[in-house]
Amino acid sequence: MTNNLYTKDLNIWFGSKHVLKGIDIEFPEKKVTALIGPSGCGKSTLLRSFNRMHDLVPDARIEGTVSIDGQNIYEKGISVTDIRKRIGMVFQKANPFPKSIQENIAYGLKLNNLDASPAVIQKALEEVYLWDEVKDDLKKPATRLSGGQQQRLCIARAVALRPDVILMDEPCSALDPVSTLKIEELIHQLKEQYTIVIVTHNMQQAQRVADKTIFMYLGEVKEEGATYDIFNNPQHEITKNYISGHFG
Ligand SMILES: Nc1ncnc2c1ncn2[C@@H]1O[C@H](COP(=O)(O)OP(=O)(O)OP(=O)(O)O)[C@@H](O)[C@H]1O
């Protein structure tokens, strides 16, 4: 059985607005896939659908399949907590809980009845290269960390649950260039263990981090392929115009 993430004829509406139209895509395992496209084309809506973030949006309607490990995450009776354990999410703005650094990691572990021992917390912080920076401050509020450190803590929080997939919605857009570089290096390391899907407006970033790139336009997938090919040999005029910065 494969734990590949894929969608089949995925359609999403908000009220009468048809926001995602017949999305059929596959995310290669233990690779980074970038979702790019102009503002409002549906990148975040797609990303959020992968861990059922639209469940609480009253006028959202979802049809089609989002499959992980051969299982449709929208099937009746599936545990959303379990889905979110397997498909973690990191947001645009770091959102640590108003708790200590160690409690930020322990919280999700306890919620999922997993080992939340100091050794497990240390390992998660080491994986995001934060341990050395915070090991003497584990009981201090996470909100005292810098923006980049907070974002790495949020990634550690996701990693601690040993997910199959990590979703990242513009994870560097609020960060300075040095912190951005650290997150990009971290993404390179993390893909050895996790499938990563990243939404980014930054074309250089997509080229630096992504193995595969998907260009979306008006709620549809216009073009997809190896990142090098999308940026060096786009098949559609609209992709070419977008990646060369003619609109966005
Ligand atoms: N909860 C919601 N209710 C109604 N409409 C929504 C909702 N969320 C998103 N939309 C609409 O869906 C469309 C796609 O939005 P989405 O945020 O997915 O685009 P995006 O490509 O991620 O844009 P950006 O790059 O600006 O973040 C937009 O027209 C947006 O207004």
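The values are calculated or read from the model by the stated rules, or taken from the named source; none is laboratory data. If you're wondering where the values come from, they're calculated on a predicted model, not measured in any experiment. Every residue, glycine among them, receives a Cβ derived from its backbone with ideal geometry; neighbour counts consider all protein chains shown. Just the protein is used for accessible areas: all its heavy atoms, side chains included, with ligands, DNA and RNA removed. Shrake-Rupley method; radii C 1.70, N 1.55, O 1.52, S 1.80 Å.
Data for the structure
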{"quantity": "Extreme residue, farthest from F50 (Cα to Cα), among residues of segment 161-196 that are open to solvent by 10 Å² or more (accessible area, probe 1.4 Å) and aliphatic (A, V, I, L, M)", "calculated": "V178"}
{"quantity": "Filter result for the condition that a residue is at pLDDT 95 or above and either out of contact with any helix residue (DSSP H, G or I) (no Cβ under 9 Å at 6 or more places or on another chain) or within 12 Å of the ligand (Cβ to nearest atom) (or both), over F50, F91, F27", "calculated": "F27"}
{"quantity": "Subset of segment 18-33 [open to solvent by less than 30 Å² (accessible area, probe 1.4 Å) and under 14 Å from the mean Cα position of the chain (by Cα)]", "calculated": "F27, V32, T33"}
{"quantity": "So K240, is it basic (K, R) and at pLDDT below 95", "calculated": "no"}
{"quantity": "Scan of segment 49-98 for residues that are more than 20 Å from R162 (Cα to Cα), loosely packed, with under 15 Cβ neighbours inside 10 Å and touching a residue at least 40 places away in the same chain (Cβ under 8 Å), ordered by number", "calculated": "V57, D59, R61, E63, K93, P98"}
{"quantity": "Flag if I187 is within 15 Å of the chain's Cα centre (by Cα), among the aliphatic types (A, V, I, L, M) and either away from the ligand (no atom under 16 Å from the Cβ) or on the phi > 0 side of the Ramachandran plot (or both)", "calculated": "yes"}
{"quantity": "Selection within segment 109-159 - outside any loop (DSSP other than H, G, I, E, B) and among the small types (G, A, S)", "calculated": "A119, A124, A142, G147, G148, A156, A158"}
{"quantity": "Top-ranked residue of segment 138-157 - restricted to ones that are open to solvent by less than 10 Å² (accessible area, probe 1.4 Å) and within 15 Å of R86 (Cα to Cα), ranked as nearest to the chain's Cα centre (by Cα)", "calculated": "I155"}
{"quantity": "Some residue of segment 158-180 being over 18 Å from K43 (Cα atoms), under 11 Å from the mean Cα position of the chain (by Cα) and more than 16 Å from the ligand (Cβ to nearest atom)", "calculated": "yes"}
{"quantity": "Looking only at segment 206-221, and only at residues there that are aliphatic (A, V, I, L, M), assigned to a strand (DSSP E or B) and open to solvent by less than 10 Å² (accessible area, probe 1.4 Å), the one that is farthest from C41 (Cα to Cα)", "calculated": "I214"}
{"quantity": "Hits in segment 225-239 - residues which are open to solvent by 80 Å² or more (accessible area, probe 1.4 Å) and either within 16 Å of the ligand (Cβ to nearest atom) or assigned to a loop (DSSP other than H, G, I, E, B) (or both)", "calculated": "N233, Q235, H236"}
{"quantity": "Flag if I36 is within 16 Å of the ligand (Cβ to nearest atom), in contact with a Phe, Trp or Tyr (Cβ under 6 Å, 6 or more places away or on another chain), of a type in the set (V, I, T) and open to solvent by less than 50 Å² (accessible area, probe 1.4 Å)", "calculated": "yes"}
{"quantity": "Residues within segment 168-198 that are assigned to a loop (DSSP other than H, G, I, E, B) and either under 18 Å from G88 (Cβ atoms) or modelled with pLDDT of 95 or more (or both), tallied", "calculated": "7"}
